[in-house]
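The values are calculated or read from the model by the stated rules, or taken from the named source; none is laboratory data. Everything numeric here is computed off the predicted structure, so don't read it as measured data. A quick note on method: Cβ atoms are made from the backbone with ideal geometry, for glycine too, and the neighbour counts reach across all protein chains shown.
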Amino acid sequence: MKILVGLYSPVAMWNIPATHVDRLRADFPHHQFHHATKEEDVHDFLREADVAFMAEMRPAHFAAARPLRWIHSPAAGIGNMLFPALVQSDVVLSNSRGVSADPIAEHVLALTLALFRKLPLVVRSQAARHWAQDDAMAPPPLRHLQGSRVLIVGLGSIGSACAWRYAALGADVTAVRRRPDQPTPRGVSRVVSDDQLQQQLPDADVVVISAAQTGRTRGLIGRTELSLMGSNAFLINVSRGKLVDEAALIVALTAGLIAGAGLDVFEHEPLAPESALWTLANVIVTPHMAGFRHDHWDVVTALFADNLRRFDRGEPLRNLVDKGAGY
């Protein structure tokens, strides 16, 4: 088979090292691998590719990919691939869900603790050589997770990994998921269906967005949902930026309708320099880094290799995506 490895980005960490492509070549000598390092490399080879190992598949790509039978994404999120032509096709789609669940959950916890303990304020004060004890003790008060109420929206691998960590520190965790009748992960006190999201928002001290981006979840948190959150509540988003109405979020943060936000994902990335999110004192901006781990490419490549062996043998793939559901 002919396999396109098209994992390239202007951001260095999201480029698969050539050594890992060479490892695939050595492990699968009966297949032909093409390592695309720029956009121009993709279109020509897609016309012949049976398999694509890519993070993004746009309609123009797909239109050229006549022999394509299987796409594997190195990420969990595959929302950008769910356009009608691909969804309606016979092309199989798999992803890397679970690979980044632990680092993302730790990142979520770090953002929550930093906001609860006013670390952005004290870091700015440190840079100014200002002893900020009075500032840190001014309202709103310092918070701690013991006894806090956490609402996790989306209970896949990331939401589940967040839940038990919050619970281990004494938080009470409620989760929103599309199918609440599924087994409840450890650390979760109660699970409700997604049509009950609005009823849960007023009681939450922290709202964590970890749901997949689908047609149902785009714009999930908008003006109405933000208005239902308490003025002492924090929003954490590590899913996809398009799940949150960014303009409505800025209004809510500026007006003090919610206490603050920890954001690793944005509607448009990189975040524009003129965005108000950069300078709001109650916001922590991280550059879509929560899912990266020191052995990222080792783990991601190993998962693809395992699935490639399964594909060769005609066995079920790991992390097969339901293209209709979107995850």
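Could we say that Ala110 is modelled with pLDDT of 95 or more, surrounded by fewer than 17 Cβ atoms within 10 Å (Cβ to Cβ) and under 22 Å from the mean Cα position of the chain (by Cα) here?
On the way: modelled with pLDDT of 95 or more: yes; surrounded by fewer than 17 Cβ atoms within 10 Å (Cβ to Cβ): yes; under 22 Å from the mean Cα position of the chain (by Cα): yes.
Yes: the conditions hold for Ala110.
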Review point. Mind checking which pairs have a first residue in the range 58-69 that is closer than 16 Å to Lys38 by Cα and a second that is surrounded by 12 or more Cβ atoms within 10 Å (Cβ to Cβ) and among the aliphatic types (A, V, I, L, M), Cβ under 9 Å, 6 or more apart or different chains?
Key: Arg58/Met81; His61/Val42; His61/Leu46; His61/Ala52; His61/Met54
Review point. Strands (runs of 3 or more DSSP E) wholly in the range 224-327 with at least 1 residues that are out of contact with any Pro (no Cβ under 9 Å at 6 or more places or on another chain), surrounded by 20 or more Cβ atoms within 10 Å (Cβ to Cβ) and of a type outside the set (Gly, Ala, Ser) - which ones?
Key: 234-237, 260-263
Practice item. Could you tell me whether the range 87-104 includes any residue that is in contact with a Phe, Trp or Tyr (Cβ under 7 Å, 6 or more places away or on another chain), in the same structural domain as Phe53 (by TED's automatic domain parsing) and aliphatic (A, V, I, L, M)? Key: yes
Exercise for review: Filter the range 179-208 for residues that are within 22 Å of Asp102 (Cα to Cα) and without any contact (Cβ under 8 Å) to a residue 60 or more places away in the chain and give the result.
Suggested key: Gln182, Pro183, Thr184, Pro185, Arg186, Gly187, Val188, Ser189, Arg190, Val191, Val207
Review point. Is it true that Asn282 is in contact with a strand residue (DSSP E or B) (Cβ under 8 Å, 6 or more places away or on another chain), farther than 18 Å from Ile236 by Cβ and not hydrophobic (A, V, I, L, M, F, W, C)?
Key: no
Review point. Restricting attention to the range 276-293, which residues are over 22 Å from Ala12 (Cβ atoms) and either in contact with a Leu (Cβ under 6 Å, 6 or more places away or on another chain) or in contact (Cβ under 8 Å) with a residue 12 or more places away in the chain (or both)?
Key: Ala276, Leu277, Leu280, Ala281, Asn282, Val283, Ile284
Practice item. Determine which single condition Phe234 fails, assuming it passes every other condition in (1) touching a residue at least 60 places away in the same chain (Cβ under 8 Å); (2) closer than 20 Å to Ala101 by Cβ. Key: (2)
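Would you pick out the residues in the range 180-202 that are outside any loop (DSSP other than H, G, I, E, B), among the aliphatic types (A, V, I, L, M) and more than 22 Å from Ile258 (Cα to Cα)? Explain how you work it out, then say what you get.
Going through the range 180-202, the residues outside any loop (DSSP other than H, G, I, E, B) turn out to be 190-202.
Among the residues that remain, those that are also among the aliphatic types (A, V, I, L, M) are: 191-192, 197, 201.
Correct list: Val191, Val192.
For the range 300-311, which residues satisfy the criterion of being touching a residue at least 24 places away in the same chain (Cβ under 8 Å) and either more than 17 Å from the chain's Cα centre (by Cα) or on the phi > 0 side of the Ramachandran plot (or both)? Lay out the reasoning, then the answer.
Restricting attention to the range 300-311, the residues satisfying the condition of being touching a residue at least 24 places away in the same chain (Cβ under 8 Å) are 300-301, 303-305, 307-308, 311.
Result: Thr301, Leu303, Phe304, Ala305, Asn307, Leu308, Phe311.
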Review point. Out of all the residues in the range 62-82, which are loosely packed, with under 13 Cβ neighbours inside 10 Å and of a type outside the set (Gly, Ala, Ser)?
Key: Arg66, Pro67
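Residues that are aromatic (Phe, Trp, Tyr), at least 1 per element: which strands (runs of 3 or more DSSP E) completely within the range 50-159 meet that? So that I can check it myself, show each step before the final result.
Numbers: elements: 51-54, 70-72, 92-94, 149-153.
Where strands (runs of 3 or more DSSP E) fall fully within the range 50-159 and carry at least 1 residues being aromatic (Phe, Trp, Tyr), they are 51-54, 70-72.
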Point to revise | Residue list for the range 15-32, filter: surrounded by fewer than 17 Cβ atoms within 10 Å (Cβ to Cβ) and either within 26 Å of the chain's Cα centre (by Cα) or part of a strand (DSSP E or B) (or both) | key: Asn15, Pro17, Ala18, Gln32
